Structure formats: C-alpha cells, structure tokens
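Beneath this line is the structure, given in structure tokens, with notes to follow.
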Amino acid sequence: MKKIIPALAVLGGVAAFAVYKLKKEEKKHVVDLDQGLLYDEENEDDILENSFKKAETEVQDLPEHNDTITMDNEYPSLTSTEVENLKNEYNTKVEELASEGDILTKERPVRHNVCFYNEVDLEHFKKEVINRGFVISTGEEPLNLVVLHISPINTEKLVDNILYLASRAKENKGTYKNWETKVIYG
C-alpha cells in the first residue's frame with residue numbers, strides 16, 4: 001500500500017500536467033483564431049477596394065450605348081417610349097371598338113388595371129388618384145387595383161387619364177397594366 005500511494009501521486013501529477021498542456025494548447029489555438037479574425041478585418045478594406053476596382057473595370061469594358069432614354073416632358077416619370085406605347089395601345093383599342101360598331105362619342109365607364117408590390121405604395125397611389133376624382137376598387141388579385149371613371153373614347157382626356165395613371169403608378173413603384181371598356185351601340 002505504501003508503494004501505491006506514491007504511484008497514485010505520480011499518476012495524478014502526470015494527469016494534471018497533461019490537462020494543463022491540453023488547456024494551454026486550446027488557449028493557443030483560440031488566440032491563433034482570434035489573430036486570424038483580426039487579420040481578416042484589417043484586410044477587409046483591401047478586399048472591398050479590390051472588388052470595387054474590378055467592378056469599375058468591368059463597367060468600363062461594356063460597349064457604349066448610343067441609345068439615350070428620354071423622359072416625357074408632361075409625364076416625367078414615363079419615358080418617351082412608354083408614352084408612345086401607351087398611345088399606340090389606345091389607338092389599337094379605339095380601332096377595335098370602332099370596327100365593332102361602337103359609338104365612340106358616348107360616355108361610358110372606363111376601367112384601368114394597376115398592380116403594386118406592396119401595400120404602402122398601393123395606398124399612396126390610391127390617395128393620389130382619389131383626390132383627382134377617380135373611383136378605386138380592388139382588383140382580382142391582392143395588390144391589384146381597378147381605377148374607374150366615365151369618359152367618351154374619342155377624346156384626348158382619355159389618353160391624358162391613361163398617361164396620368166401610368167405615371168402615378170410608376171412613381172409609386174407600381175405597374176399600369178391596361179384599360180378596358182364595353183362597346184356602346186346606338
């Protein structure tokens with residue numbers, strides 16, 4: 001028994017020394033990791049700067065575009081191309097109505113369809129157009145609106161309403177889809 005106690009003491013000392021060495025190695029590993037993180041944070045600015053330089057070079061390498069986007073004078077949120085497209089759609093629909101025998105001078109309900117990506121923009125649009133005298137109802141899908149008013153078809157007023165609604169929709173991050181009406185006979 002006298003021999004076992006010193007042997008246990010030696011074994012306990014060896015075990016304590018082993019635990020001490022393991023803890024010391026663990027602390028050293030943690031310190032090395034921390035140093036690596038500090039090194040990464042110091043180089044983060046260099047990495048970002050290099051990324052910006054690379055992106056700038058790629059943009060400079062893009063071919064030049066001769067196409068310039070011109071905004072419409074009366075509806076500055078719409079491009080001239082968008083205004084032309086809306087006017088062409090109007091003319092096409094008027095021709096369709098006329099070919100069906102519509103009396104274009106008669107007033108009738110006109111329905112405009114507009115959609116949005118969020119409720120905030122939708123509500124802001126609603127307030128603006130209601131103040132201008134339009135009637136608003138919900139569309140078939142969430143975040144879609146139907147804008148109603150009474151108008152004859154052969155007037156510039158309808159084109160102005162289309163462009164106004166398309167412009168207000170775009171300014172409120174929405175999309176003007178189309179307009180529609182029913183054929184009015186004699």
Of K106/K127; K106/K126; K93/K173; K87/K157, those spanning more than 24 Å from alpha-carbon to alpha-carbon: K106/K127; K106/K126; K93/K173
For L163, solvent-accessible area (1.4 Å; no DNA, RNA or ligand), Å²: 10
By accessible area with a 1.4 Å probe, ligands and nucleic acids excluded, highest first: order of R168, R132, R111: R132, R111, R168
Computed lengthening from Y90 to E74, 0.36 nm per intervening residue step minus Cα-Cα distance: 4.0 nm
Within the stretch 80-181: Cβ-based charge dipole about Cα centre, in debye rounded to nearest 20 (Lys, Arg +1; Asp, Glu -1): 300
Charge dipole (the stretch 117-186, unit charges on Cβ, about Cα centre) - positive-most of F134, A169, N154: N154
Heavy atoms of D102: accessible area, 1.4 Å probe, square angstrom to 10: 20
Percent RCO, i.e. relative contact order, over the stretch 80-181, from Cα pairs under 8 Å lying at least 6 residues apart: 38
Binned Cα-Cα distances of the stretch 80-181, short to long, each 5 Å bin given as a whole percent: 2, 13, 25, 24, 18, 12, 5, 1, 0
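The values are calculated or read from the model by the stated rules, or taken from the named source; none is laboratory data. Just so it is clear, the model here is predicted, and its values are computed rather than measured. All Cβ positions, glycine included, derive from the backbone under ideal geometry; neighbour counts span all protein chains shown. Just so you know, the surface numbers come from the protein's heavy atoms only, side chains and all, with ligands and any DNA or RNA stripped out. Shrake-Rupley method; radii C 1.70, N 1.55, O 1.52, S 1.80 Å.
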